[in-house]
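S.K.: Mind having a look at this structure? Questions to follow.
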Amino acid sequence: MTFTSTRFGQFTYFSTQLGDTNWSGKNILDFGGNVGNILRDPNSTIDPERYWCLDVDKDSIEQGKVSFPSSHWLFYDRFSFFFNPNGVRSLPLPHMDESFTYIVAYSVFTNTCETDMLELVAELKRKLTPDGALAFTFIDPHYMSWGECSRNNLQWRLDLETERHHITEAEANDVDARAQNAKWFTLVNGADLYIETEDVRSYPPEEQRTFHVFHTTDYMRSLFPNATIRPPVNNEMQHCCIIRN
Ligand SMILES: C[S@@+](CC[C@H](N)C(=O)[O-])C[C@H]1O[C@@H](n2cnc3c(N)ncnc32)[C@H](O)[C@@H]1O
(Lines give C-alpha, C1' and ligand atoms only; values in the text may rest on other atoms or scores of the structure.)
Protein backbone atom coordinates (compact mmCIF):
# COMPACT_ATOMS: atom_id res chain seq x y z
CA MET A 1 0.00 0.00 0.00
CA THR A 2 1.49 3.30 -1.04
CA PHE A 3 0.20 6.84 -0.73
CA THR A 4 1.03 9.50 -3.30
CA SER A 5 0.17 13.01 -2.18
CA THR A 6 -1.99 15.01 -4.57
CA ARG A 7 -1.65 18.17 -2.48
CA PHE A 8 0.27 21.16 -3.80
CA GLY A 9 1.07 24.66 -2.56
CA GLN A 10 3.12 23.61 0.46
CA PHE A 11 5.87 26.14 -0.29
CA THR A 12 3.39 29.02 -0.52
CA TYR A 13 1.82 27.84 2.73
CA PHE A 14 5.03 27.55 4.76
CA SER A 15 6.81 30.59 3.29
CA THR A 16 3.75 32.68 4.22
CA GLN A 17 3.60 31.20 7.72
CA LEU A 18 7.35 31.74 8.25
CA GLY A 19 7.42 35.20 6.64
CA ASP A 20 10.31 34.28 4.35
CA THR A 21 10.02 33.54 0.63
CA ASN A 22 13.75 33.25 -0.05
CA TRP A 23 14.78 29.72 0.87
CA SER A 24 17.63 29.58 -1.62
CA GLY A 25 20.98 28.67 -0.04
CA LYS A 26 19.19 27.12 2.95
CA ASN A 27 19.04 23.45 3.94
CA ILE A 28 15.45 22.27 4.07
CA LEU A 29 14.10 19.08 5.64
CA ASP A 30 10.61 18.06 4.51
CA PHE A 31 9.51 15.64 7.20
CA GLY A 32 6.84 13.34 5.77
CA GLY A 33 7.43 15.07 2.44
CA ASN A 34 6.12 12.11 0.41
CA VAL A 35 7.10 12.59 -3.28
CA GLY A 36 8.35 16.16 -2.71
CA ASN A 37 5.38 18.17 -3.97
CA ILE A 38 6.75 21.23 -2.14
CA LEU A 39 9.40 21.40 -4.91
CA ARG A 40 6.67 21.55 -7.55
CA ASP A 41 5.13 24.71 -6.10
CA PRO A 42 5.68 27.41 -8.77
CA ASN A 43 6.70 29.83 -5.98
CA SER A 44 9.34 27.49 -4.54
CA THR A 45 12.81 28.98 -4.07
CA ILE A 46 14.23 25.75 -2.58
CA ASP A 47 17.52 24.58 -4.13
CA PRO A 48 16.79 20.93 -4.99
CA GLU A 49 20.29 19.92 -3.89
CA ARG A 50 19.63 21.46 -0.46
CA TYR A 51 16.35 19.58 -0.04
CA TRP A 52 16.03 16.48 2.16
CA CYS A 53 12.87 14.40 2.32
CA LEU A 54 12.25 11.83 5.02
CA ASP A 55 9.19 9.60 4.79
CA VAL A 56 7.83 6.30 6.09
CA ASP A 57 6.39 5.46 2.65
CA LYS A 58 9.14 3.68 0.74
CA ASP A 59 7.50 3.94 -2.69
CA SER A 60 7.08 7.72 -2.37
CA ILE A 61 10.75 8.06 -1.53
CA GLU A 62 11.64 6.02 -4.61
CA GLN A 63 9.33 8.12 -6.82
CA GLY A 64 10.75 11.36 -5.41
CA LYS A 65 14.29 10.18 -6.14
CA VAL A 66 13.37 9.66 -9.80
CA SER A 67 11.74 13.11 -10.15
CA PHE A 68 14.41 15.08 -8.25
CA PRO A 69 17.67 13.10 -8.38
CA SER A 70 19.80 15.94 -6.96
CA SER A 71 17.74 16.02 -3.74
CA HIS A 72 18.19 13.68 -0.77
CA TRP A 73 15.60 10.97 -0.18
CA LEU A 74 15.55 8.94 3.01
CA PHE A 75 13.19 6.10 3.83
CA TYR A 76 12.35 6.11 7.54
CA ASP A 77 10.91 2.75 8.57
CA ARG A 78 8.92 4.05 11.55
CA PHE A 79 5.46 2.78 12.42
CA SER A 80 2.56 4.84 11.15
CA PHE A 81 -1.01 3.53 11.60
CA PHE A 82 -1.98 4.01 7.97
CA PHE A 83 1.20 4.91 6.07
CA ASN A 84 3.51 2.23 7.48
CA PRO A 85 1.57 -0.23 9.67
CA ASN A 86 4.45 -2.73 9.71
CA GLY A 87 7.09 -0.13 10.63
CA VAL A 88 9.19 -0.01 13.80
CA ARG A 89 7.64 1.78 16.77
CA SER A 90 9.64 4.70 18.24
CA LEU A 91 12.45 4.29 15.70
CA PRO A 92 14.86 7.25 16.10
CA LEU A 93 15.46 9.53 13.11
CA PRO A 94 18.14 8.27 10.72
CA HIS A 95 21.52 9.89 11.15
CA MET A 96 21.97 13.05 9.09
CA ASP A 97 25.14 15.16 9.24
CA GLU A 98 23.33 18.31 8.15
CA SER A 99 21.36 20.79 10.18
CA PHE A 100 18.45 22.68 8.64
CA THR A 101 17.23 26.26 8.45
CA TYR A 102 13.68 25.08 7.96
CA ILE A 103 12.12 21.77 8.88
CA VAL A 104 8.56 21.53 7.64
CA ALA A 105 5.92 18.85 8.10
CA TYR A 106 2.68 19.31 6.18
CA SER A 107 -0.17 17.08 7.33
CA VAL A 108 2.08 14.60 9.12
CA PHE A 109 1.21 15.06 12.80
CA THR A 110 -2.44 15.12 11.75
CA ASN A 111 -2.01 11.35 11.32
CA THR A 112 0.33 10.64 14.22
CA CYS A 113 -0.42 9.81 17.87
CA GLU A 114 0.56 12.38 20.48
CA THR A 115 3.46 10.40 21.96
CA ASP A 116 4.99 10.11 18.50
CA MET A 117 4.42 13.79 17.74
CA LEU A 118 6.12 14.88 20.99
CA GLU A 119 9.02 12.48 20.48
CA LEU A 120 9.52 13.54 16.84
CA VAL A 121 9.22 17.27 17.50
CA ALA A 122 11.90 17.00 20.20
CA GLU A 123 14.19 15.07 17.84
CA LEU A 124 13.58 17.40 14.89
CA LYS A 125 14.30 20.52 16.97
CA ARG A 126 17.80 19.19 17.55
CA LYS A 127 18.37 19.21 13.77
CA LEU A 128 17.77 22.97 13.40
CA THR A 129 20.49 25.54 12.77
CA PRO A 130 20.76 28.23 15.49
CA ASP A 131 18.53 30.56 13.41
CA GLY A 132 16.28 27.72 12.25
CA ALA A 133 12.57 27.01 12.58
CA LEU A 134 10.42 23.91 12.66
CA ALA A 135 6.95 24.44 11.18
CA PHE A 136 4.27 21.78 11.20
CA THR A 137 0.55 21.73 10.60
CA PHE A 138 -2.34 20.59 12.74
CA ILE A 139 -6.12 20.60 12.37
CA ASP A 140 -8.32 22.43 14.87
CA PRO A 141 -11.64 20.54 14.76
CA HIS A 142 -13.77 23.51 15.78
CA TYR A 143 -12.24 26.03 13.36
CA MET A 144 -14.26 27.16 10.32
CA SER A 145 -11.67 27.25 7.55
CA TRP A 146 -14.03 28.32 4.84
CA GLY A 147 -16.32 30.90 6.45
CA GLU A 148 -18.98 30.72 3.79
CA CYS A 149 -19.65 26.99 4.13
CA SER A 150 -20.50 27.14 7.88
CA ARG A 151 -19.02 23.71 8.55
CA ASN A 152 -16.07 23.36 10.89
CA ASN A 153 -13.00 21.21 10.13
CA LEU A 154 -14.38 18.14 11.90
CA GLN A 155 -17.76 18.45 10.17
CA TRP A 156 -15.96 18.85 6.84
CA ARG A 157 -14.14 15.55 7.46
CA LEU A 158 -17.36 13.82 8.56
CA ASP A 159 -19.20 15.09 5.46
CA LEU A 160 -16.47 13.53 3.33
CA GLU A 161 -16.65 10.20 5.17
CA THR A 162 -20.45 10.22 4.73
CA GLU A 163 -20.23 11.06 1.02
CA ARG A 164 -17.80 8.16 0.58
CA HIS A 165 -20.25 5.88 2.40
CA HIS A 166 -17.68 5.04 5.06
CA ILE A 167 -20.10 6.14 7.77
CA THR A 168 -23.81 6.93 7.99
CA GLU A 169 -25.19 10.40 8.65
CA ALA A 170 -26.31 9.24 12.09
CA GLU A 171 -22.77 8.07 12.92
CA ALA A 172 -21.38 11.39 11.71
CA ASN A 173 -23.80 13.36 13.90
CA ASP A 174 -22.95 11.18 16.88
CA VAL A 175 -19.18 11.75 16.44
CA ASP A 176 -19.75 15.48 15.99
CA ALA A 177 -21.81 15.70 19.19
CA ARG A 178 -19.36 13.66 21.28
CA ALA A 179 -16.32 15.66 20.10
CA GLN A 180 -17.86 19.06 20.94
CA ASN A 181 -15.87 19.79 24.09
CA ALA A 182 -12.78 17.69 23.41
CA LYS A 183 -9.33 19.31 23.52
CA TRP A 184 -8.00 16.67 21.17
CA PHE A 185 -9.16 13.39 19.73
CA THR A 186 -8.48 10.76 17.11
CA LEU A 187 -10.93 9.55 14.49
CA VAL A 188 -9.98 6.10 13.25
CA ASN A 189 -11.39 4.82 9.96
CA GLY A 190 -13.83 7.72 9.91
CA ALA A 191 -16.08 6.35 12.64
CA ASP A 192 -14.20 5.28 15.78
CA LEU A 193 -13.72 8.28 18.03
CA TYR A 194 -11.08 8.25 20.77
CA ILE A 195 -11.32 11.34 22.98
CA GLU A 196 -8.16 12.55 24.72
CA THR A 197 -6.67 9.06 24.87
CA GLU A 198 -4.06 7.06 23.00
CA ASP A 199 -5.69 3.86 24.06
CA VAL A 200 -6.73 2.90 20.53
CA ARG A 201 -7.87 -0.70 20.11
CA SER A 202 -5.74 -2.86 17.89
CA TYR A 203 -6.75 -3.08 14.23
CA PRO A 204 -5.26 -5.67 11.84
CA PRO A 205 -2.91 -3.85 9.38
CA GLU A 206 -5.31 -4.38 6.46
CA GLU A 207 -8.04 -2.55 8.43
CA GLN A 208 -5.83 0.43 9.24
CA ARG A 209 -7.44 2.89 6.85
CA THR A 210 -7.35 6.40 8.35
CA PHE A 211 -6.10 7.92 11.59
CA HIS A 212 -7.05 11.59 11.78
CA VAL A 213 -5.85 13.45 14.86
CA PHE A 214 -7.46 16.79 15.73
CA HIS A 215 -6.03 19.29 18.23
CA THR A 216 -7.58 22.53 19.42
CA THR A 217 -5.36 25.58 19.22
CA ASP A 218 -5.45 25.99 23.02
CA TYR A 219 -4.34 22.41 23.49
CA MET A 220 -1.41 22.84 21.07
CA ARG A 221 -0.42 26.00 22.99
CA SER A 222 -0.34 23.95 26.18
CA LEU A 223 1.83 21.25 24.56
CA PHE A 224 4.24 23.74 22.95
CA PRO A 225 4.20 26.89 25.13
CA ASN A 226 7.15 28.48 23.28
CA ALA A 227 5.65 28.00 19.83
CA THR A 228 3.92 30.55 17.64
CA ILE A 229 0.59 29.26 16.42
CA ARG A 230 -0.83 30.73 13.25
CA PRO A 231 -4.23 30.24 11.57
CA PRO A 232 -4.48 28.63 8.14
CA VAL A 233 -3.31 30.57 5.04
CA ASN A 234 -3.40 29.88 1.30
CA ASN A 235 -7.04 28.75 1.52
CA GLU A 236 -6.00 25.71 3.59
CA MET A 237 -7.66 24.17 6.65
CA GLN A 238 -4.51 23.48 8.68
CA HIS A 239 -3.06 25.68 11.43
CA CYS A 240 0.70 26.06 11.72
CA CYS A 241 2.81 25.54 14.82
CA ILE A 242 6.20 27.25 14.54
CA ILE A 243 9.04 26.45 16.92
CA ARG A 244 12.20 28.56 16.60
CA ASN A 245 15.56 27.85 18.13
C1 LIG B 1 -0.99 13.42 4.22
S2 LIG B 1 0.60 13.00 3.65
C3 LIG B 1 1.33 14.57 3.32
C4 LIG B 1 2.51 14.47 2.42
C5 LIG B 1 3.28 15.76 2.14
N6 LIG B 1 3.71 16.43 3.33
C7 LIG B 1 2.45 16.68 1.28
O8 LIG B 1 1.97 17.70 1.80
O9 LIG B 1 2.30 16.38 0.09
C10 LIG B 1 1.46 12.49 5.12
C11 LIG B 1 2.84 11.97 4.83
O12 LIG B 1 3.52 11.79 6.08
C13 LIG B 1 4.22 10.57 6.04
N14 LIG B 1 4.39 10.15 7.45
C15 LIG B 1 3.45 9.72 8.31
N16 LIG B 1 4.00 9.46 9.52
C17 LIG B 1 5.32 9.76 9.41
C18 LIG B 1 6.43 9.70 10.30
N19 LIG B 1 6.29 9.28 11.57
N20 LIG B 1 7.64 10.07 9.85
C21 LIG B 1 7.81 10.50 8.55
N22 LIG B 1 6.81 10.55 7.67
C23 LIG B 1 5.57 10.19 8.08
C24 LIG B 1 3.34 9.67 5.20
O25 LIG B 1 4.02 8.57 4.66
C26 LIG B 1 2.87 10.63 4.12
O27 LIG B 1 3.76 10.69 3.05
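S.K.: Taking the stated definitions as given, is residue 28 under 21 Å from residue 124 (Cβ atoms), more than 10 Å from the ligand (Cβ to nearest atom) and in contact with a helix residue (DSSP H, G or I) (Cβ under 9 Å, 6 or more places away or on another chain)?
M.R.: Judged against the criteria, residue 28 is a match.
S.K.: It is to be established whether one or more residues within the stretch 138-155 are part of a strand (DSSP E or B), at pLDDT 95 or above and either open to solvent by 10 Å² or more (accessible area, probe 1.4 Å) or under 25 Å from residue 91 (Cα atoms) (or both).
M.R.: Yes: one or more hits.
S.K.: Would you be able to say whether some residue in the stretch 57-78 is under 16 Å from the mean Cα position of the chain (by Cα) and either more than 10 Å from the ligand (Cβ to nearest atom) or open to solvent by 20 Å² or more (accessible area, probe 1.4 Å) (or both)?
M.R.: So far as the stretch 57-78 goes, no, none of its residues is under 16 Å from the mean Cα position of the chain (by Cα) and either more than 10 Å from the ligand (Cβ to nearest atom) or open to solvent by 20 Å² or more (accessible area, probe 1.4 Å) (or both).
S.K.: For the stretch 79-98, name all the residues that are touching a strand residue (DSSP E or B) at 6+ places or on another chain (Cβ under 7 Å), closer than 18 Å to residue 62 by Cα and within 9 Å of the ligand (Cβ to nearest atom).
M.R.: 84, 87
S.K.: Quick one: in the stretch 99-117, which of the residues that are under 17 Å from the mean Cα position of the chain (by Cα) and more than 12 Å from the ligand (Cβ to nearest atom) is modelled with the lowest pLDDT?
M.R.: 114
S.K.: Scan the stretch 73-84 and tell me whether some residue there is among the aliphatic types (A, V, I, L, M) and either farther than 14 Å from residue 30 by Cα or touching a residue at least 60 places away in the same chain (Cβ under 8 Å) (or both).
M.R.: Among the residues of the stretch 73-84, not one is among the aliphatic types (A, V, I, L, M) and either farther than 14 Å from residue 30 by Cα or touching a residue at least 60 places away in the same chain (Cβ under 8 Å) (or both), which makes the answer no.
The values are calculated or read from the model by the stated rules, or taken from the named source; none is laboratory data. No experiment lies behind these values; they were computed from the predicted model shown. Heads up, the Cβs are rebuilt from the backbone with ideal geometry, glycines too, and the neighbour counts pull from every protein chain shown. Accessible surface areas use protein heavy atoms only, side chains included; no ligands, DNA or RNA. Shrake-Rupley method; radii C 1.70, N 1.55, O 1.52, S 1.80 Å.
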